[in-house]
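Notes to accompany the following structure.
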Amino acid sequence: MSTFKAPKGTFDLIPPYSATYLAVRDAISGPLRRSGYGYVETPGFEDVNLFARGVGESTDIVTKEMYTLTTKGGSELALRPEGTASVLRAALEASLHKQGNLPVKLWYSGSYYRYERPQKGRYRHFSQVGAEAIGAEDPALDAELIILADQAYRSLGLRNFRILLNSLGDKECRPVYREVLQGFLRGLDLDEETRRRIEINPLRVLDDKRAEVQKQLVGAPSLADHLCDACKAYHSEVRALLTAAGVAFEDDEKLVRGLDYYTRTTFEFVHDGLGSQSAVGGGGRYDGLSEMIGGPALPSVGWALGVDRTVLALEAEGIELDIPPATSVFAVPLGEEARRVLFGLVTELRKAGVATDFGYGAKSLKSHMKNAHRSGARYALVAGERDLAEGLVQLKDMETGEQEPIALDRVVEELRAKSA
Ligand code: AMP
């Protein structure tokens, strides 16, 4: 152990566990890559004001959870707490929306940072895969994203998740509802902080998890009753498209989510085996965000799925992903001359696309073979001086235990065929 440990609320991804993370990222991004989404990568930090304006000045993310820093040059930066604002900023900066092909569909994968109280499923450094479809107002796009996330989870074998769906209205109907709701909330018995929230973002009071608050919210005016006709029609089309695709969802009027930029469609994926941190992913439409960060009107929709919680969901359902061994051949040299010859062969095999590892260091045959077994490789190539003098190596099938001599100049061809 070194003097140092990973900072509080963070953990390292190390083999073999890390392979599950890669497989989950792959499974989540797969449906996106096959549906016209292009890969985008943005910096790990941004101008702090991008998040303050984009995510919302009053949100927990901005007021309590951002890692902010001042550079030596005096710039105020923040480690990214989420992906949407950065991706939209990048798309605007590169004028992707002017290239004529709307929506601009992008996916990303990376690390995000929130100064939160750490617990199982909630970390200060976590990993998301996300998708954004920028510049089109079309219920099919909202439905597409929900369907692709559903497909991703199902392809991993997950079954015990639910999709919660809501509409938050638009700039026509939401302000009207907001006032009606504020009138109701001001009459309740609430603490100071919640009272402040009524004035800043009353919809988020509906999301309060405390039982004593929820009790008082019975009979609160409903957003569904205040949606304008355009929002109602849009929402019912999203619902119809999901139903037609066979994707089950639950209407959840209380779903507001912790970011201010959402309009109309919002959704969350919750998993029933995760305790209090049950949201494995979420997203929605953010028609006003582009203008909020100084861009043109670009109605958009997106989601982010948490990789850490998806891995926890797999564990909760007892799912072990079928991850093939990283290498298919392990070469074991016996003696100095064999090292040189076999190492050359390993390089040839790798060049030919055969995933191969090598027994390094002066070890006994027994400990080399132990490492060969541990590697999960299907074949071991064993060579000693005598074999080499005859121009041979021994090829051992680790599954059947069978061993056969094979001519040195046939090894690459043979193993390429076997591991194809
Ligand atoms: P949000 O942007 O808060 O909607 O987050 C989207 C998803 O990212 C959530 O559903 C979680 O799966 C994941 N996530 C958010 N915050 C954390 C965190 N602190 N630790 C682990 N996962 C997180």
| request: Quick one: in segment 286-302, of everything that is more than 15 Å from ALA149 (Cα to Cα) and not in a loop (DSSP other than H, G, I, E, B), which residue is nearest to the ligand (Cβ to nearest atom)? | output: LEU289
| message | Just to be sure I understand, how many residues within segment 178-198 are surrounded by 14 or more Cβ atoms within 10 Å (Cβ to Cβ) and over 19 Å from SER58 (Cα atoms)? | response | 3
| message | LEU255 - would you say it is away from the ligand (no atom under 16 Å from the Cβ), touching a residue at least 60 places away in the same chain (Cβ under 8 Å) and surrounded by 17 or more Cβ atoms within 10 Å (Cβ to Cβ)? | response | no
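Name the single residue, out of those in segment 287-296 being in contact with a helix residue (DSSP H, G or I) (Cβ under 7 Å, 6 or more places away or on another chain) and modelled with pLDDT under 95, that is most open to solvent (accessible area, probe 1.4 Å). Reasoning before the result, please.
First pass over segment 287-296, keeping only residues in contact with a helix residue (DSSP H, G or I) (Cβ under 7 Å, 6 or more places away or on another chain): 289-290, 292-293, 295-296.
Next, from what is left, pick out any that are modelled with pLDDT under 95: 289, 292-293.
Numbers: LEU289: 0, MET292: 74, ILE293: 37 Å².
Only one residue fits best here, namely MET292.
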| task | Report, ordered by the first and then the second residue, all pairs with beta carbons closer than 6 Å, sequence separation of six or more or different chains, a first member in segment 176-196 that is within 22 Å of THR263 (Cα to Cα) and free of Cβ contacts under 8 Å to residues at least 40 places away in the same chain, and a second member that is open to solvent by less than 80 Å² (accessible area, probe 1.4 Å) and among the β-branched types (Val, Ile, Thr). | result | GLN182/ILE198; LEU185/ILE198; LEU185/VAL205
| note | Heads up, the strands (runs of 3 or more DSSP E) in segment 1-99 (entirely inside) with at least 1 residues that are open to solvent by 30 Å² or more (accessible area, probe 1.4 Å) and either within 16 Å of the ligand (Cβ to nearest atom) or not assigned by TED's automatic domain parsing to the domain that holds GLY135 (or both) are 76-79
| task | Note down all Cβ pairs under 6 Å where the first residue falls in segment 406-419 and is outside the structural domain of ALA377 (by TED's automatic domain parsing), the second is open to solvent by 80 Å² or more (accessible area, probe 1.4 Å), and they're at least six residues apart or on different chains. | result | none
| query | Tell me, which residue of segment 265-279 that is within 14 Å of VAL307 (Cβ to Cβ) and surrounded by fewer than 24 Cβ atoms within 10 Å (Cβ to Cβ) is nearest to the ligand (Cβ to nearest atom)? | reply | ALA279
| task | Within segment 304-323, identify whether any single residue is at positive phi and either under 21 Å from the mean Cα position of the chain (by Cα) or modelled with pLDDT under 95 (or both), and answer yes or no. | result | yes
| task | Please give the number of the condition SER111 fails out of (1) crowded, with 19+ Cβ neighbours inside 10 Å; (2) within 13 Å of the ligand (Cβ to nearest atom); (3) closer than 26 Å to ARG34 by Cβ. | result | (1)
| remark: Of the listed residues (LEU305, LEU342, LEU321), the one being more than 30 Å from GLY169 (Cβ to Cβ) and either in contact with a strand residue (DSSP E or B) (Cβ under 8 Å, 6 or more places away or on another chain) or within 16 Å of the ligand (Cβ to nearest atom) (or both) is LEU342
| GLN151 versus (1) outside any loop (DSSP other than H, G, I, E, B); (2) within 15 Å of the ligand (Cβ to nearest atom): which is the lone unmet condition? | (2)
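The values are calculated or read from the model by the stated rules, or taken from the named source; none is laboratory data. Note that the structure is a prediction, hence the values are computed from the model and not measured. All Cβ positions, even for glycine, are placed from backbone atoms using ideal geometry, and neighbour counts span all protein chains on display. Side chains included, ligands, DNA and RNA excluded: accessible areas come from the protein's heavy atoms. Shrake-Rupley method; radii C 1.70, N 1.55, O 1.52, S 1.80 Å.
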